[in-house]
2 protein chains.
Amino acid sequence: MPGGHTQTLRPFLWRASKLYEDTEIVSRNHDGMSRRTYGEYADRVAQLANALDDLGIEDGDRVATFCWNTDRHFEVYFAAPSMGGQLHTINPLLPDEHIRYIVENADDQVIFVDPSLAEKMAGAAEGAEEFEGVDLVVMGDADATPLDAASYESFIEGYDTDYDWPDLPDDQPAGMCYTSGTTGKPKGVEYTQSMLWSHTMMSLSPQGIPMADDDVVMPVVPMFHVNAWGMPFTATAGGSKQVFPGPSPDPADIASLIEEEGVTLTAGVPTVWLGLMEYCKENDVDLSTLDRVIVGGSAAPKSMIRWFDDRGVEVLHAWGMTEMAPIGSVSHLKSDLEGADYDTQVEKRGKQGIMVPGIEFRVIDEDGEEIAWDGEEFGELHVRGPSITKEYFKRPDANEEDFEDGWLKTGDVVSVDEDGYIKIVDRAKDVIKSGGEWISSVELENAIMAHDDVQEATVIGVPHEKWQERPVAFVVPTADADRDTLDEEVMDMLRDEYPKWWLPDAVEYIDEVPKTATGKFSKKDLREQYTGSMELHEGSVPEDAAPEQD
Amino acid sequence: MPGGHTQTLRPFLWRASKLYEDTEIVSRNHDGMSRRTYGEYADRVAQLANALDDLGIEDGDRVATFCWNTDRHFEVYFAAPSMGGQLHTINPLLPDEHIRYIVENADDQVIFVDPSLAEKMAGAAEGAEEFEGVDLVVMGDADATPLDAASYESFIEGYDTDYDWPDLPDDQPAGMCYTSGTTGKPKGVEYTQSMLWSHTMMSLSPQGIPMADDDVVMPVVPMFHVNAWGMPFTATAGGSKQVFPGPSPDPADIASLIEEEGVTLTAGVPTVWLGLMEYCKENDVDLSTLDRVIVGGSAAPKSMIRWFDDRGVEVLHAWGMTEMAPIGSVSHLKSDLEGADYDTQVEKRGKQGIMVPGIEFRVIDEDGEEIAWDGEEFGELHVRGPSITKEYFKRPDANEEDFEDGWLKTGDVVSVDEDGYIKIVDRAKDVIKSGGEWISSVELENAIMAHDDVQEATVIGVPHEKWQERPVAFVVPTADADRDTLDEEVMDMLRDEYPKWWLPDAVEYIDEVPKTATGKFSKKDLREQYTGSMELHEGSVPEDAAPEQD
């Protein structure tokens, strides 16, 4: 080997604890605010690793968390991978049966549990053989919970504040996260040390989400969602102050943490920011320290971009996937668009962005050809790069469907404009395949929902003898709507905008659009109800195309 | 393998040519200015790769360059590594015998030669069996040179502008550079694809030398010095406009390129910027586009930092090594020093800086212990990280001396202050070991040279029976100096500043300090002259601790 040492998380922890020893890590915990320095943090991470050694955790063992965004959770983030274990963040919002499946599938040895989630964990674990032999540690006082568990502080107390961090190979599994599809069992994605290192460095680039020692970083996106989009690792590498907003932060909590801790950079799904915007209407909130808000999970409304712009805060739209660890693209405004009018700029910034350095992509249409970058054509987005998984954990069936020639098939159907901005137009399993062409269900839905008398709408493809599939629109009228004319009004609207073959074959009224457990439109349920069969429409691609918060 | 695709240069070329197709690559060539886009660049890189295929270049073959900073040189930068070959940049300033040694040692298959260096190449190659079977390509009209060579444009003409870039393994050798020590044969350092990828990403970080699409990047540091500190790769990844200053740019060339191309970021050794500063005194130069000047190779004088500050330009001092590809540390001002007084800030920024994320270091004193970070103690700097070589090419002897437990022993003796800023106090082979303690020869030299009547001075350690070594100062007095009193005046100055055991045992007058071929003080020659023997003082560490320009 001519060179190249291993890429691990170790240098990031080392750098922050040595160069930013006094920089703070602040956490809103169940029992009040916690405030420590990177120096103290590194000591506690070493104590935790020593405690896990004593518990019998060995190289390659899975160390799970069932936690909100707190400083103790962040301690597991570095301790488990750096000692050679694997950080497995479990989504506590999943149904119990999924949690049991995941704990067994991952072979978790120990689970760290937030006190506020102890009841949920007790319910999932009760009588479940999947939990046999699994140690539990509560991130607080275990006696105050129904769990037979250790309390975190006594678990690490008395251990040495030094740990001889090993030299780990690049491909050592360091992290794990399950994607939670709407159908089938969750699929595990493993992150190697090198994948997390690469993701951190790509995030740090000016084209990603750069963080430096003058940043105060607060991930609102949960730490169980793809490592909070990797932010705790990136912030450590950059030497930023970190703020963890704790269990179920409401808009008032978020506002006061921004004000009191001087947050410069935060991240979450659009609903979080809509909540904050609403809160700011009624309350006097000082957002002056805030520079950037990262929005992901679903599209940022343009009104949100404008609202933050008015307050001197840049909204950066990011797109990624669990399989990508997760960042892929970020909607930075390209420098040659700086002279464009503001509407054009907002239009560009509202897209899913341009790919960070180190990731390559291609967009393949139904004929297997690469699409033109004209903002019109669309196809399925494929990606490759050093932060992207090559397979699912113990799921050869899913591997065959989702990987091809070294590319990950994202399941997102996108267009790419002349400037290289990606825009998601649909999920591959929701796009309607009609007569050899693709119709975006999302575009039709958005167009229909623009009608004042439409409360909600969704469009699915239904099997068609001649055309393979044809679109059918499902509309929830408002209370005041005239049901006799609404369907025709909707069709007239669409006729103005779309070619004839895009127009739905029917507009059906329903009382509500079926939703998934996390509040998203469940087209699967609708297809089952409408066609009596889901065979023709079962998609193969993961639901969670982007990191999300529920 | 759970995941992680290979880390290669390919995504950087892909990204620039797709997302920044119209961004310019400008070059001051021997026959005038050249101006192309990344789109055209990518076409030409593919043509070059196809031409090299036809020449018989195969996976792992070395493709050498003997060139200044030009666009054609930059084409070899991506073509050779991306097709699976290895870019070997030869320093044309080396003596002929070293060039012959290097060409044979590296087993170069083809060498691209700048027209202005054709005479030099002809001299080195004449009658040399090392050049048998080596193809030559002139970066211009070969007929106008004494070389039996192809002309670059006809070499690539007519070839396909597409190339099916292969999937290369991480550890595929992609680059090569020889360190040119003052003693012994040059030592080859190989860069794998992953090392160059990692270096590019670390450079892109805010803690490195970030580059984005609003930057215009001009490396004045030669492209044969550790890939011009990696800047052509980093600028491509960032989508920056690039400006290549061509053969032997003088201050007027540099000034006009900055003005005409709107350069925002440039890099080179201090003498380049001293030349520009001098030129600006006599000429009206518009530096308004310039944001940052990277200085490396040797220390940036504080007056230079202040001069550029006055013009709104940030001087960033960088430290690195050929073995590191090369960037290690950059002297960014830490955010908690923003409130410090200006002198303190300049003091910090004049040091070698703080290590970029991804690199770890330790500083070991003569007893093998890590030093305190107090800005006083010093020891040898050891580094490790994914951009650092693990061995020299075919030089097991050097490997034993320069590598230890996964660390590269840099040969630089440094102190580290409370803020983590590294300061080079000496070369390990020049530091004076006296009575179990170390004395910095560089510090004594700087102190002595502060005397008005001293033109030059150097300090070496000479063998001593009791103390192992003792410092002896060699002083070149100015023409006006009083040689009867100067030695005592110098000693009096030192007595005020340094402990007694630091004081030289003697001050000797000499006519001039012996210099190396590249103009640096040659302590080796002085030791030979003074002691009649160099045995005791032959260092083992490489001379070129930092990327340099001659």
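The values are calculated or read from the model by the stated rules, or taken from the named source; none is laboratory data. Everything numeric here is computed off the predicted structure, so don't read it as measured data. Glycine also receives a Cβ, built like all others from the backbone with ideal geometry; neighbour counts cover every protein chain displayed. Surface areas here come from the heavy atoms of the whole protein model, side chains and all, with no ligands, DNA or RNA. Shrake-Rupley method; radii C 1.70, N 1.55, O 1.52, S 1.80 Å.
Against the test of being touching a strand residue (DSSP E or B) at 6+ places or on another chain (Cβ under 8 Å), open to solvent by less than 20 Å² (accessible area, probe 1.4 Å), of a type in the set (A, V, I, L, M, F, W, C) and assigned to a strand (DSSP E or B), the options A:490, A:476, A:513, A:507 yield a single qualifying residue, A:476. Among the residues in the stretch A:206-223, are any part of a strand (DSSP E or B), within 17 Å of residue A:92 (Cα to Cα) and more than 10 Å from chain B (Cβ to nearest Cβ)? No, the stretch A:206-223 contains no residue that is part of a strand (DSSP E or B), within 17 Å of residue A:92 (Cα to Cα) and more than 10 Å from chain B (Cβ to nearest Cβ). Based on what the data block shows, is residue A:196 touching a residue at least 12 places away in the same chain (Cβ under 8 Å) and either out of contact with any strand residue (DSSP E or B) (no Cβ under 6 Å at 6 or more places or on another chain) or in a loop (DSSP other than H, G, I, E, B) (or both)? It is false that residue A:196 is touching a residue at least 12 places away in the same chain (Cβ under 8 Å) and either out of contact with any strand residue (DSSP E or B) (no Cβ under 6 Å at 6 or more places or on another chain) or in a loop (DSSP other than H, G, I, E, B) (or both).
The rows are residues; the columns are (1) surrounded by 17 or more Cβ atoms within 10 Å (Cβ to Cβ); (2) in a loop (DSSP other than H, G, I, E, B).
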residue	(1), (2)
B:332	yes, yes
B:339	no, yes
B:354	yes, no
B:361	yes, no
B:367	no, yes
B:374	no, yes
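Name the single residue, out of those in the stretch A:223-268 being open to solvent by 10 Å² or more (accessible area, probe 1.4 Å) and within 17 Å of the chain's Cα centre (by Cα), that is nearest to residue A:288 (Cα to Cα). Looking at residues that are open to solvent by 10 Å² or more (accessible area, probe 1.4 Å) and within 17 Å of the chain's Cα centre (by Cα), I get A:248. For the stretch A:411-442, the set of residues classified as under 17 Å from residue A:362 (Cβ atoms), assigned to a strand (DSSP E or B) and touching a residue at least 40 places away in the same chain (Cβ under 8 Å) consists of A:411, A:412, A:414, A:415, A:416, A:422, A:423, A:424, A:425, A:438, listed by residue number. When the residues of the stretch B:186-209 are narrowed to those that are within 18 Å of the chain's Cα centre (by Cα) and open to solvent by 10 Å² or more (accessible area, probe 1.4 Å), which ends up modelled with the highest pLDDT? Per the criteria, the residue is B:190.
Number of residues in the stretch B:287-317 that are exposed (fewer than 14 other Cβ atoms within 10 Å of the Cβ) and of a type in the set (Asp, Glu) equals 1. Condition check: open to solvent by less than 30 Å² (accessible area, probe 1.4 Å) and touching a residue at least 24 places away in the same chain (Cβ under 8 Å). Does residue B:274 satisfy that? Against the criterion (open to solvent by less than 30 Å² (accessible area, probe 1.4 Å) and touching a residue at least 24 places away in the same chain (Cβ under 8 Å)), residue B:274 does not qualify. Residues that are under 26 Å from residue B:225 (Cα atoms), more than 14 Å from chain A (Cβ to nearest Cβ) and at pLDDT below 95 are absent from the stretch B:308-317 altogether. In summary, strands (runs of 3 or more DSSP E) completely within the stretch A:89-183 and bearing 1 or more residues that are at pLDDT 95 or above and more than 14 Å from every other protein chain (Cβ to nearest Cβ) occur at A:108-113, A:135-138. For beta carbons closer than 8 Å, sequence separation of 6+ or different chains, a first residue in the stretch B:79-94 that is among the β-branched types (Val, Ile, Thr) and a second that is assigned to a helix (DSSP H, G or I), the qualifying pairs are B:89/B:227; B:90/B:99; B:90/B:102; B:90/B:103. Within the stretch A:231-246, the set of residues being in contact with a Ser or Thr (Cβ under 7 Å, 6 or more places away or on another chain) and within 13 Å of chain B (Cβ to nearest Cβ) comprises A:233, A:234, A:237, A:239, A:241.
Table: residues versus (1) touching a Leu at 6+ places or on another chain (Cβ under 8 Å); (2) under 26 Å from residue A:383 (Cβ atoms).
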{"residue": "A:432", "(1), (2)": "no, yes"}
{"residue": "A:437", "(1), (2)": "no, yes"}
{"residue": "A:442", "(1), (2)": "no, yes"}
{"residue": "A:449", "(1), (2)": "no, no"}
{"residue": "A:452", "(1), (2)": "no, no"}
{"residue": "A:460", "(1), (2)": "yes, no"}
{"residue": "A:481", "(1), (2)": "no, no"}
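Of the residues making up the stretch A:444-468, those that are crowded, with 17+ Cβ neighbours inside 10 Å and within 22 Å of residue A:423 (Cβ to Cβ) number 9. Could you grab me the full set of residues in the stretch A:386-406 that are in contact (Cβ under 8 Å) with a residue 60 or more places away in the chain and not in a helix (DSSP H, G or I)? Selection gives A:386, A:387, A:388, A:389, A:392, A:393, A:394, A:395.
For residue A:51, indicate whether it is closer than 21 Å to residue A:114 by Cα, open to solvent by less than 10 Å² (accessible area, probe 1.4 Å), modelled with pLDDT of 95 or more and out of contact with any helix residue (DSSP H, G or I) (no Cβ under 6 Å at 6 or more places or on another chain). Criteria not met by residue A:51. Which count do you get for residues in the stretch A:1-37 that are within 14 Å of chain B (Cβ to nearest Cβ), surrounded by fewer than 17 Cβ atoms within 10 Å (Cβ to Cβ) and more than 24 Å from residue B:422 (Cα to Cα)? The qualifying residues number 1. Residue B:167 meets all of the listed conditions (1) open to solvent by less than 50 Å² (accessible area, probe 1.4 Å); (2) within 19 Å of residue A:358 (Cα to Cα); (3) not aliphatic (A, V, I, L, M) but one, namely (1).
Scanning the stretch A:292-330 for residues that are part of a loop (DSSP other than H, G, I, E, B), within 21 Å of the chain's Cα centre (by Cα) and at negative phi returns A:296, A:298, A:299, A:300, A:301, A:321, A:326. Residues satisfying the criterion are absent from the stretch B:38-45 (criterion: open to solvent by 40 Å² or more (accessible area, probe 1.4 Å), over 16 Å from residue B:84 (Cα atoms) and within 14 Å of chain A (Cβ to nearest Cβ)).
Within the stretch B:330-372, the residues that satisfy the criterion of being within 12 Å of chain A (Cβ to nearest Cβ) and over 25 Å from residue A:211 (Cα atoms) are B:363, B:370. Residue A:496 satisfies every condition listed in (1) open to solvent by 60 Å² or more (accessible area, probe 1.4 Å); (2) assigned to a loop (DSSP other than H, G, I, E, B) except (2).
When each of A:52, A:48 is tested for being assigned to a helix (DSSP H, G or I), away from chain B (no Cβ under 14 Å) and touching a residue at least 60 places away in the same chain (Cβ under 8 Å), the lone residue that passes is A:48. Checking each residue in the stretch B:123-161 for being within 12 Å of residue B:112 (Cβ to Cβ) and open to solvent by 40 Å² or more (accessible area, probe 1.4 Å) picks out only B:135. Considering the stretch A:379-423, the residues that are open to solvent by 30 Å² or more (accessible area, probe 1.4 Å) and in contact with a Ser or Thr (Cβ under 8 Å, 6 or more places away or on another chain) include one that is farthest from the other protein chains (Cβ to nearest Cβ), namely A:401.
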